[in-house]
Every structure is written in structure tokens, then in C-alpha cells.
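Every number in this text was worked out from the coordinates using simple rules, so none of it is lab data. In this text, all values refer to a predicted model and were calculated from it rather than measured experimentally. Reconstructed Cβ throughout: ideal geometry from the backbone, glycine too, with neighbour counts over all protein chains shown.
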Amino acid sequence: MQEVNKTTIAVIGAGSWGTALAIVLADNDHEVRLWSHNEDQVKEINQSHTNKKYLPEIILPELIVGYASLSDALAGVDNIILAVPTKAIREVLGKIRAIQKTPLVITHVSKGIEPNTLLRITEIIQEEMPKEILKDVVVLSGPSHAEEVSLRHPTTVAVSSENMEAAELIQDLFINQNFRVYTNSDVVGVEIGGALKNIIALAAGITDGLGYGDNAKAALMTRGLAEIARLGTKIGANPLTFSGLTGIGDLIVTCTSVHSRNWKAGNLLGKGKTLNEVLESMGMVVEGVRTTKAAYQLAQKYDVQMPITTALYNVLFNGKNAKDAVDVLMSRGRTHEMEDLVNVLEEKSLED
């Protein structure tokens, strides 16, 4: 790891993940401006050095300063971490665009795909930000719960960009003895893996809520990974990415952990709650819901078989009973387990 000059970085979004990443940066002696639209939250961060709504047991380093003014948070910085939910990204980028006059490296850490436009977050940023302001876009993703990162538990993630020098810059800003960062040049694969694993986590929560146990969840995760790779490769990802941190790694942690919002939401659905009841009770954004709609639309656009995604889409948006949806999955026509992988690799070979 090369020596990195200590700098000032703005983290836009003071939820659990934005706050956890602010802690990593502060541990590396960077000054962190943590922006929130909630003035009471900003006061708490600055006066008590806590963010109890999202990380109730954590004392924040003094290098983290809360900001309610976006213009003040952005003043003089050339690196920002965009840590807001997917549905808020365009709105926040519009505010940044109106303020910022100098080039920025924007590192986004959200995991989703925009319904209807079917754009990845990197594509949204490139669409919203003028070229004279946007220097580079980097994505940071991987198996990482904010609760564990904030406790300095060992965590490994990946960063990716169309400009690998920018990815390496962000790697150096974040990497330390607790937070290991790899680079990966496959932006499409990193973003698709991070987004679509939330769909499978919702489905895994449903099977747990139905009381189906580990056998069902193992099958769901394995076949879910096949779906992710099938769609991702179709739209340009490297299939090997899905065997790494932002593929199987992120899938494992999101489908099996009590920290996972998507698993929790699915678990409540499996126990009979309606989607509206689940979302009201969660109190935080469940990215997998919007991503399920987007992935379903992508599957139709590219004519890709995604039976788990389709089943979940019917549960979330068409009122299908969760148990009936699982029964439909289990009664599908027989096929060869490796058929998906062989087809993916053959298609990739032909493209190359």
C-alpha cells in the first residue's frame, strides 16, 4: 500500500453505510464531512459523536464532522462518496451539479438498478453530471455490513472504474488493516452483482420465513448466482466477476446475515406480511424491491431466463402468495445444472 496524502473527503449520505465508510476514512486520518439533510442528525453527529438511528453503539471519530449544508460539505473537495439510496441519486446529483464548479471523483456505494431506464448507478451519474465536473466514477462494492465495518471487523471489498487509476486512488484512501480493498476492472459485473444479490436475499428471507430451512436457501443462493451471471454476462460483464467478492461473496453475506435489510424484508413476507406492511415496519430503504422490478424488465429486454426474479416480482407486485411462488419454482421443467454456465461461457467466447 502506497503512502496517501491525508485529504478532506465529503460523504454524501449519513445512513448506516455512509457513516461506516466515514469511520474507515477517519481511521486513515482523512478529514470527513458527513452530509445529511436532517439537521437534528447533523447536530447529534457534531455534539455527541453518534448516529444512534443507524449505528446505535458506535462513537464516531472526531475527524468526522456533520454538515447540513451541501455547499459547505463540497467546498474545496475533489473526492466524494455518494452513499444515498438508489431512488435518491438523481435528486442529490442535481443538487451537486448546481453547486460544484471543479472536477470531482465520485465514488458510489449504493447497490441498485433504476427501474424503467434500466441504468446502473455509474450510468446515472454519467448521465446527470456534466463532463467538466465529473472527473471519474468509481464503484465500491462487496460483502460488507455497515454494522461490522463500524466495529472494525475484518472486511474485504472491491473498487471498480473505467479509469483504473481512479479505482486505485480510492483503494488507497480506504485500505487499512481492517478494511481490505481490491481493484476490479469489470464495472458492469461489480454493479450487477451488487444489485442483483439483493433480489436473491429477499427470496432467501422468504424461504426462511416459510420455515424451509438450509437446503432451500442453499439451492436458492446457488441458482440465484446462476441468474445473476446469466443476465450480467448478457449485458457485458465478465462471468468470473460473479465468483468473486461482488458476486458470491456479497450473495453469501446478504442472504445469511441478520444485518441484511433485504433478508429481513423477505423473512417478513414469508411470514405473511404484505409488502406495504414490511416497508413501513423496516424504517430503512430495501433496495431489493426496486431492483427486482428493474431486473425483471432487464430479463424481458434481453430475453434472459430468470425464474427466481420472476417469482419474486410476482410476489412483490402481482400479489402472488409466497408459498405458491416457491412451489412454482420447484416444479419447473428439468434441466442440466451446468447448462447455464456452458451457455454463458460459449456466448462470451463468441463475443471475444
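Under 12 Å Cα-Cα from Lys101, which aspartates and glutamates qualify once same-chain neighbours fewer than 8 residues away are excluded?
Within the straight-line cut-off, Lys101 pairs with Asp78, Glu132.
Which percentage, to the nearest 5, of the DSSP beta bridges contained in the chain is antiparallel? Present the calculation step by step, with values, prior to reporting the outcome.
Details: 6 of 32 bridges.
If I count the DSSP bridges inside the chain, around 20 percent turn out antiparallel.
What dipole magnitude, in Debye to the nearest 20, does the chain give about its Cα centre under +1 on Lys/Arg Cβ and -1 on Asp/Glu Cβ?
It comes to approximately 1020 debye.
Checking the a/c ratio against 1.5 first, then a/b against b/c, what shape does the Cα gyration tensor give for the stretch 195-351?
Judged from the Cα gyration tensor, the stretch 195-351 comes out prolate (a/c at least 1.5, a/b above b/c).
Let me have the 222 nm mean residue ellipticity of the chain computed from DSSP H runs of 4+ only, each contributing -39500 (n - 2.57), with the sum over all residues rounded to the nearest 500.
My calculation for the chain gives -15500 deg cm²/dmol from helical runs alone.
Output the direction-averaged projected area (hull surface divided by four) of the convex hull of the alpha-carbon atoms of the chain, in nm². All intermediate terms of the calculation are to be shown ahead of the outcome.
Details: hull surface 69.5 nm².
If you wrap the Cα atoms of the chain in a convex hull and average its projections, you get 17.4 nm².
Mind checking which lysines have their Cα closer than 21 Å to the Cα of Lys217? Skip sequence neighbours fewer than 8 apart in that chain.
Lys197, Lys264, Lys271, Lys273, Lys320, Lys323
What value does the stretch 8-185 have for Rg/Rh, both radii from Cα atoms and Rh as Kirkwood defines it?
Taking Rg over the Kirkwood Rh, I get 0.93.
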